[in-house]
1. Can you compute the modelled spin-label distance between Asn84 and Arg302, with each label point 7 Å from Cα toward Cβ, in nm?
2. May I ask you to compute the full-extension gain from Ala201 to Leu51, defined as 0.36 nm times their residue separation minus their alpha-carbon distance, rounded to one decimal in nm?
3. Using Cβ counts within 10 Å as a stand-in for footprinting exposure, how do Phe410, Phe208, Phe28 rank, fewest first?
4. Compare the Cα positions of Phe263, Phe290, Met248 along the charge dipole of the stretch 242-360 (+1 at Cβ of Lys, Arg; -1 at Cβ of Asp, Glu; about the Cα centre) and return the one farthest towards the positive end.
5. Non-local amide H neighbours of Ser304 (under 5 Å, H modeled in plane, Pro and chain starts lacking H): which ones?
6. Would you mind ranking Ser337, Ser101, Ser413 so that the residue whose beta carbon has the fewest other beta carbons within 10 Å leads the list?
7. Calculate one ³J(HN,Hα) per residue across the stretch 323-340 by plugging θ = phi - 60° into the Karplus curve 6.51 cos²θ - 1.76 cosθ + 1.60, and present them in order as whole Hz with x for glycine and proline.
8. With each label point set 7 Å from Cα along the Cα-Cβ vector, what nm distance links Ile118 and Glu326?
Amino acid sequence: MEKIPEPENEQASSRQGAAALILAFAIFVIMGVVGALATTLVPAVPVVFGLGLSPALAVQWIACVGSLSSLAQVHLLNRFGSRNMVVGSLVVMTLGCLCVSLAMAPPAGWPASYSGLIAALALIALGIAALQVSANLLAIRAGRAATVAARLTAAQAFNSSGVLAGVMLGSMVALGAGHSGAAVAMGVARAYGIAAALVLATCFGALFTIRATGSHMVTVAEPHPGEAPIIAALRSRWAVAGAVSIAMYVGAEGVIGSLLIPFLHRPDALGLSLADAGQSVAWLYWGGAFAGRIGGSWLLARVSAARALGVAALPALGACLLAVTESGALAGYALLSVGLCNAIMFPVIFALTIERSEAPAAAVSGLLATATAGGAALSIAAGLVGDRFGLTRSLIVPAIAYAAIAGFAFAVSRQSGLRRAPQDARTTSSVGKRSDLI
């Protein structure tokens, strides 16, 4: 009997890559849904607990702090594999969502607990951090090296669709529940209960997909001999620069996404109700990011990723400054437009960093996921500025972050221009080294 193993192997590899990419997209969606619910908690915390802007923003930056575990989770990924990492992370997220519901709507006779809410959000953050490490690697390794930026941008588009759904869920179920603290707390509890059910359904879907395609959908690369992944990533100049840029992006997006609902609620902006402001944020801010990522996944296959990053960062900087200096509809819609500018930033920074760093891809992915914790510093800074000088002035913080991202884009473009021929050869060599990862 004639044996044709090669085509069969290629066909199986193609099916496995497609399954890995579909699973990665589903994970990005559910991370978006759960992560976005924290956006609706920012205006809910003052109503339920009577606290100020800084404690309200804590529900946003606590998610960033959970990312500090990402580098350690690279070791877990190497040890247990992506299958166990994905399933375990989804289980942790499910428990976190249920704990948020319990903290906001405890048994009769017990008051809602702010500290319990923060602890539950930290648990969710741990699950999301683990998923970020595994899901980004799934997307990176599910296709050709030449289309990594486009593939990651497409994954982020799915994340944006989840964020849009999460903000709508929070706006309708949580912020639309009523104006009293008890009504809002009960609405938040219901929203997170729905999220827990969605995460659990994704967990069962992941188990089914993994069982159908094999237990090891993605094999994690071993670190360089004698070198720990964490050290390898930290020794890479481009990995560190990319990590700083990721922190700037996550912080800026988080601050704006969290402040937009109370900002649009202000009489000197659009004067919308909290529920209507949430719908505007869902459709215009996160919807803009979703549309931009769909278009960006096509565009980035045809234009320079570094140039696209710079073109996105500068208008975001301008929109933040416009929101600080102007008022009324102009300020409101300027800030909403930042969602479109944000569209390609995370995947492009991620892809440019992976491409230029000589450290193992898993280590760099872990460092970049950990770097999202740096966004907490921007949220804390924005809260302090807002408490002292007003909510509008706090938007100076994300403006500074976008300026730093534009600087990273310029540095990448300058390096590519000065060393185009050697860089092309180095990139090809780097991709060749990682051909088993793609």
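1. 4.6 nm
2. 50.5 nm
3. Least to most surrounded, the residues fall as Phe208, Phe410, Phe28.
4. Sorting the options by dipole projection puts first Phe290.
5. Residues meeting the amide H criterion: none.
6. Ser413, Ser337, Ser101
7. Karplus-based 3J(HN,Hα) across the stretch 323-340 equals 5, 6, 8, 10, 9, x, 4, 4, 5, x, 6, 4, 5, 4, 5, 5, x, 5 Hz.
8. 3.8 nm
No value in this document is a laboratory result; all are computed from the given coordinates. Quick caveat: nothing in here was measured; it's all calculated off a predicted structure. Neighbour counts run over all protein chains shown; Cβ positions are idealised from the backbone, glycine included.
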